[in-house]
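Undergrad: Can you keep this structure in mind? I'll have questions shortly.
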Amino acid sequence: VSVFAAEVPHLVPRPTRDLAEAERNVAEFGVAFIADALFGDALRRTREALYRAADDDRRRGRAKRFLADFDPTNQRVWNLLSRDNAFVDLAEHPIALHMVKHILGWPALLGNISANITYPGGGEMFMHADQSFIPEPWPTQIQGCNCCWAIDDFTDEVGATRIVPYSHRLHRGPTDDEQAVDTIPLEADAGTLIVFESRIWHRTGVNKSAHKNRAAVFGWYTKPIYRTQENWFLSLDPQVLKYASETMLTLLGYKAQGFGLVNGESPR
Ligand SMILES: O=C(O)CCC(=O)C(=O)O
């Protein structure tokens, strides 16, 4: 399937509930599937909160896009922390934090938590690696990781995120000439947490279905030396800050070590 796959037996790992296996999978494949990380009421509430925010934005003419999306069909919902506390729970979900701490260490920053909903007919995204803002040659340590929550089923048909298997081993981002390289879809049931490290080349898939959406929430975490994608200091709902846990304050940069200090001290 992939130009990078000729010498390897599997392109992606199987889903697991065992976090030690998930850690090994990220090291080997650059990606891990953690089955049923979100289920039952929590999955239902998160899904309702996301579609409520997305529908509200559309009704009010405030639906957002992203510059790396090739067509206007898909919808981004930014700054989810300020839309519903269900997303605060996702940002500091124990399984996500376990993986973030394993991959990046602690403290880490929450660069963003936003959603991408592919609607029928939605096109693909620009192929990229999430740490592409880092000048090459890249440092040997992984600088960020994405916790992708499948809110709807992720299938090839509905535009599941597509990756270039083993591209993390290339240790560089794709060039403009490599936009058409072979990819495979990250197929997973709704509720799966798909963790991928920041060197993996990936893009949104094409939604070829007639009636089905694919909603995903992306929690993007980095080592604490990076600027966050979302500027929490300007955009965060004060109520979220008021009730933020110590962990959330650290993730948002309000509780800091070494960088982002106020008069030499942690802001909170
Ligand atoms: O929507 C997707 O499947 C991927 C989104 C993505 O890669 C991004 O927003 O950087």
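The values are calculated or read from the model by the stated rules, or taken from the named source; none is laboratory data. What you see is a predicted model, and the numbers here were worked out from it, not measured in a lab. We place every Cβ from the backbone using ideal geometry, glycine too, and count neighbours over all the protein chains shown. Ligands, DNA and RNA are excluded from the accessible area calculation, which covers all protein heavy atoms including side chains. Shrake-Rupley method; radii C 1.70, N 1.55, O 1.52, S 1.80 Å.
Undergrad: For GLY111, only one of the following conditions fails: (1) within 23 Å of ILE200 (Cα to Cα); (2) open to solvent by 70 Å² or more (accessible area, probe 1.4 Å); (3) within 16 Å of the ligand (Cβ to nearest atom). What is its number?
TA: That leaves (2) as the condition not met.
Undergrad: If you scan the stretch 71-92, which residues turn out to be open to solvent by 30 Å² or more (accessible area, probe 1.4 Å) and not in a helix (DSSP H, G or I)?
TA: Filtering the stretch 71-92 down to residues open to solvent by 30 Å² or more (accessible area, probe 1.4 Å) leaves 71-73, 78, 82-85, 89, 92.
Answer for the stretch 71-92, where residues must be open to solvent by 30 Å² or more (accessible area, probe 1.4 Å) and not in a helix (DSSP H, G or I): ASP71, PRO72, THR73, TRP78, ARG83, ASP84, GLU92.
Undergrad: Here is a list: ALA91, ALA49, ALA53. Which entry is hydrophobic (A, V, I, L, M, F, W, C), touching a residue at least 24 places away in the same chain (Cβ under 8 Å), within 30 Å of SER245 (Cα to Cα) and in contact with a Cys (Cβ under 9 Å, 6 or more places away or on another chain)?
TA: The match here is ALA91.
Undergrad: Could you tell me which of the residues ARG45, ARG62, ARG58 is away from the ligand (no atom under 16 Å from the Cβ), farther than 14 Å from CYS147 by Cβ and outside any helix (DSSP H, G or I)?
TA: After ruling out the rest, the residue left standing is ARG62.
Undergrad: Residues being open to solvent by 10 Å² or more (accessible area, probe 1.4 Å) and either of a type in the set (Ser, Thr, Tyr) or away from the ligand (no atom under 12 Å from the Cβ) (or both): count how many of those fall in the stretch 134-155.
TA: 12
Undergrad: Taking the residues in the stretch 156-169 that are of a type in the set (Ser, Thr, Tyr) and either free of Cβ contacts under 8 Å to residues at least 12 places away in the same chain or more than 11 Å from the ligand (Cβ to nearest atom) (or both) as candidates, determine which candidate is surrounded by the most Cβ atoms within 10 Å (Cβ to Cβ).
TA: SER167
Undergrad: So TYR221 passes all but one of these: (1) crowded, with 23+ Cβ neighbours inside 10 Å; (2) out of contact with any helix residue (DSSP H, G or I) (no Cβ under 9 Å at 6 or more places or on another chain); (3) hydroxyl-bearing (Ser, Thr, Tyr). Which condition number does it fail?
TA: Condition (2) is where TYR221 drops out.
Undergrad: Okay, moving on. Are there any pairs with C-beta distances below 9 angstrom linking a residue in the stretch 68-87 that is within 13 Å of ILE117 (Cα to Cα) and in contact (Cβ under 8 Å) with a residue 24 or more places away in the chain to a residue that is among the basic types (Lys, Arg) and more than 13 Å from the ligand (Cβ to nearest atom), with the two at least 6 apart or on different chains, and if so which?
TA: Partner pairs satisfying both residue conditions: GLN75/ARG58; VAL77/ARG83.
Undergrad: Only one of these is near the ligand (Cβ under 10 Å from one of its atoms) and charged (D, E, K, R): ARG172, ARG203. Name it.
TA: So the residue among ARG172, ARG203 that is near the ligand (Cβ under 10 Å from one of its atoms) and charged (D, E, K, R) is ARG203.
Undergrad: Within the stretch 187-195, is even one residue in contact (Cβ under 8 Å) with a residue 24 or more places away in the chain, more than 13 Å from the ligand (Cβ to nearest atom), under 20 Å from the mean Cα position of the chain (by Cα) and closer than 30 Å to GLY258 by Cα?
TA: Checking the stretch 187-195: at least one residue is in contact (Cβ under 8 Å) with a residue 24 or more places away in the chain, more than 13 Å from the ligand (Cβ to nearest atom), under 20 Å from the mean Cα position of the chain (by Cα) and closer than 30 Å to GLY258 by Cα.
Undergrad: Hey, could you check the stretch 206-230 for residues that are among the aromatic types (Phe, Trp, Tyr) and more than 10 Å from the ligand (Cβ to nearest atom) and say which is farthest from ASP89 (Cα to Cα)? It would help to see each step written out before you state the result.
TA: Initial filter on the stretch 206-230 (among the aromatic types (Phe, Trp, Tyr)): 218, 220-221, 226.
Right, trim to more than 10 Å from the ligand (Cβ to nearest atom) and you get 221, 226.
Details: TYR221: 15, TYR226: 23 Å.
It comes out as TYR226.
Undergrad: Right, something else. Hey, does the stretch 157-170 have a residue that's at pLDDT below 95, assigned to a loop (DSSP other than H, G, I, E, B) and under 25 Å from GLY105 (Cβ atoms)?
TA: Scanning the stretch 157-170 turns up no residue that is at pLDDT below 95, assigned to a loop (DSSP other than H, G, I, E, B) and under 25 Å from GLY105 (Cβ atoms).
Undergrad: How about the stretch 73-95: which of its residues are farther than 23 Å from PHE233 by Cα and more than 15 Å from the ligand (Cβ to nearest atom)?
TA: PRO94, ILE95 - these are the residues of the stretch 73-95 that are farther than 23 Å from PHE233 by Cα and more than 15 Å from the ligand (Cβ to nearest atom).
Undergrad: Within the stretch 53-68, does at least one residue satisfy the condition of being out of contact with any Lys or Arg (no Cβ under 6 Å at 6 or more places or on another chain) and of a type in the set (Phe, Trp, Tyr)?
TA: no
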